[in-house]
Amino acid sequence: MRRSDVVSSTRENMRYAVTPIPGPASVPVRRDEWRHGADEHLASLVDPTSLEADRYRLLRHIVERNHAQKKLIAVTSALAGDGKTTTAINLAGALSQAPDARILVCDLDLRTASLGERLGLITQSPGLVDLMLDPTLTLDDVARQHPRFRLEVLPAGRPLAVPYELLKSPRLRDLLHEARQRYDYIVLDTPPLVPVPDSRLIADLVDGLVVVVTAHRTPRTLLEDALNQMDPTKVIGIVFNRDEQPLRGYYSYPYAGGNNGHYHGRGRRAGRQVRDAWASLLEKIRRVFVG
């Protein structure tokens with residue numbers, strides 16, 4: 001793959017910071033379900049005073065300041081392996097540092113679930129799939145309070161090879177609505193956009209989207225394909241992983257048409273503004289490619 005065909009800027013591996021103090025919990029802590037220690041890439045858990053943790057606090061700041069009404073946030077990528085799970089956990093961790101914050105991080109990548117394991121959860125079931133298939137289960141039955149951090153974790157649950165019908169079901173919409181009433185933010189680790197249709201279904205249910213790409217790896221055309229599948233008013237920004245320029249790693253796309261960074265409008269004029277917004281975004285993306 002030529003250098004000119006891959007994303008090439010802005011920030012090295014993002015690793016995220018969470019204060020290691022248990023926060024307010026709506027479910028009891030079951031310590032025997034958790035492995036000691038945490039994934040070394042989760043700076044929010046293992047090194048909350050690090051520069052990497054501050055970078056994720058910057059992402060939290062952007063969410064809170066420019067997208068305050070977006071409480072249900074999906075983290076996705078064009079392809080697998082771009083770091084979306086790491087980013088999702090670390091964004092949730094940074095948000096959980098707020099006093100009395102109630103944060104849920106949920107694994108919606110049902111084909112290749114890893115979020116619970118990355119956080120040290122030994123048993124992944126019951127989880128979201130079990131909750132959706134078993135009407136006797138409640139959110140309290142499957143959400144786990146992390147024993148060390150201000151996070152509640154909803155793992156994927158039992159393996160599911162073809163989750164399309166489950167993601168289309170009204171049950172998922174109802175569960176996410178219930179979660180909105182209980183938590184300040186819900187961060188979803190979702191499947192990559194290009195290979196499977198799952199994230200396109202999820203995107204209809206969420207308030208905001210964070211897109212993760214890997215510098216010098218993610219093909220430009222696939223990133224553009226992924227962005228073209230999204231509602232531009234929902235995109236919070238793009239996170240660049242593994243770039244050699246660590247101080248320029250987060251790119252947040254402000255929409256034209258409003259002083260607060262959001263696009264508002266209806267009718268033909270709104271349609272033109274949305275198209276103009278995407279054209280502007282794609283032009284700016286091209287500027288972060290080599291060549």
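The values are calculated or read from the model by the stated rules, or taken from the named source; none is laboratory data. Since the structure is predicted, the reported quantities are computational estimates derived from the model, not experimental observations. For neighbour counting, all protein chains shown are included, and Cβ atoms are generated from backbone atoms with ideal geometry for every residue, glycine included.
For (1) in contact with a Cys (Cβ under 8 Å, 6 or more places away or on another chain); (2) farther than 21 Å from Ser114 by Cβ; (3) of a type in the set (Phe, Trp, Tyr), each residue gets a yes or a no:
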{"position": "Gly157", "(1), (2), (3)": "no, no, no"}
{"position": "Lys168", "(1), (2), (3)": "no, yes, no"}
{"position": "Leu175", "(1), (2), (3)": "no, no, no"}
{"position": "Ile186", "(1), (2), (3)": "yes, no, no"}
{"position": "Leu209", "(1), (2), (3)": "no, no, no"}
{"position": "Arg217", "(1), (2), (3)": "no, no, no"}
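Can you pull out the residues in the range 113-140 that are among the hydroxyl-bearing types (Ser, Thr, Tyr) and under 30 Å from Leu51 (Cα atoms)?
Correct list: Ser114 only.
Find all pairs meeting these conditions: Cβ atoms under 6 angstrom apart; at least six residues apart or on different chains; first residue within the range 179-203 and at negative phi; second residue part of a loop (DSSP other than H, G, I, E, B) and hydroxyl-bearing (Ser, Thr, Tyr).
If the second residue must be part of a loop (DSSP other than H, G, I, E, B) and hydroxyl-bearing (Ser, Thr, Tyr), the pairs left are Ser199/Thr190; Ile202/Thr190.
Name the residues in the range 198-213 that are under 21 Å from Arg111 (Cα atoms) and in contact with a Leu (Cβ under 9 Å, 6 or more places away or on another chain), would you?
Selection gives Asp198, Ser199, Arg200, Leu201, Ile202, Ala203, Leu205, Val206, Val210, Val211, Val213.
Considering only residues that are under 22 Å from Ala80 (Cβ atoms) and not charged (D, E, K, R), which ones fall in the range 173-200?
Of everything in the range 173-200, those that are under 22 Å from Ala80 (Cβ atoms) and not charged (D, E, K, R) turn out to be Val187, Leu188, Thr190, Pro191, Pro192, Leu193, Val194, Pro195, Val196, Pro197, Ser199.
Among the helices (runs of 4 or more DSSP H) confined wholly to the range 1-112, which include 1 or more residues that are at pLDDT below 90 and surrounded by 23 or more Cβ atoms within 10 Å (Cβ to Cβ)?
Correct list: 43-46, 51-66.
Scanning for something charged (D, E, K, R), crowded, with 17+ Cβ neighbours inside 10 Å and free of Cβ contacts under 8 Å to residues at least 60 places away in the same chain, does the range 129-142 turn up at least one residue?
Checked against the condition, which is being charged (D, E, K, R), crowded, with 17+ Cβ neighbours inside 10 Å and free of Cβ contacts under 8 Å to residues at least 60 places away in the same chain, the range 129-142 yields at least one hit.
Out of all the residues in the range 113-132, which are closer than 22 Å to Ser169 by Cβ and outside any helix (DSSP H, G or I)?
Residues satisfying the conditions are Ala113, Gln124, Ser125, Pro126, Gly127.
Could you tell me which numbered condition Gln124 fails, if it satisfies all but one of (1) touching a strand residue (DSSP E or B) at 6+ places or on another chain (Cβ under 7 Å); (2) at negative phi; (3) surrounded by 14 or more Cβ atoms within 10 Å (Cβ to Cβ)?
With (1) touching a strand residue (DSSP E or B) at 6+ places or on another chain (Cβ under 7 Å); (2) at negative phi; (3) surrounded by 14 or more Cβ atoms within 10 Å (Cβ to Cβ) applied to Gln124, the lone miss is (1).
Let's see how each residue does on (1) surrounded by 15 or more Cβ atoms within 10 Å (Cβ to Cβ); (2) under 30 Å from Asp100 (Cβ atoms); (3) over 16 Å from the mean Cα position of the chain (by Cα):
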{"site": "Ser114", "(1), (2), (3)": "yes, yes, no"}
{"site": "Ala161", "(1), (2), (3)": "no, no, yes"}
{"site": "Thr190", "(1), (2), (3)": "yes, yes, no"}
{"site": "Leu193", "(1), (2), (3)": "yes, no, no"}
{"site": "Asp198", "(1), (2), (3)": "yes, no, no"}
{"site": "Leu201", "(1), (2), (3)": "yes, no, no"}
{"site": "Leu205", "(1), (2), (3)": "yes, yes, no"}
{"site": "Gly208", "(1), (2), (3)": "yes, yes, no"}
{"site": "Asp225", "(1), (2), (3)": "no, no, yes"}
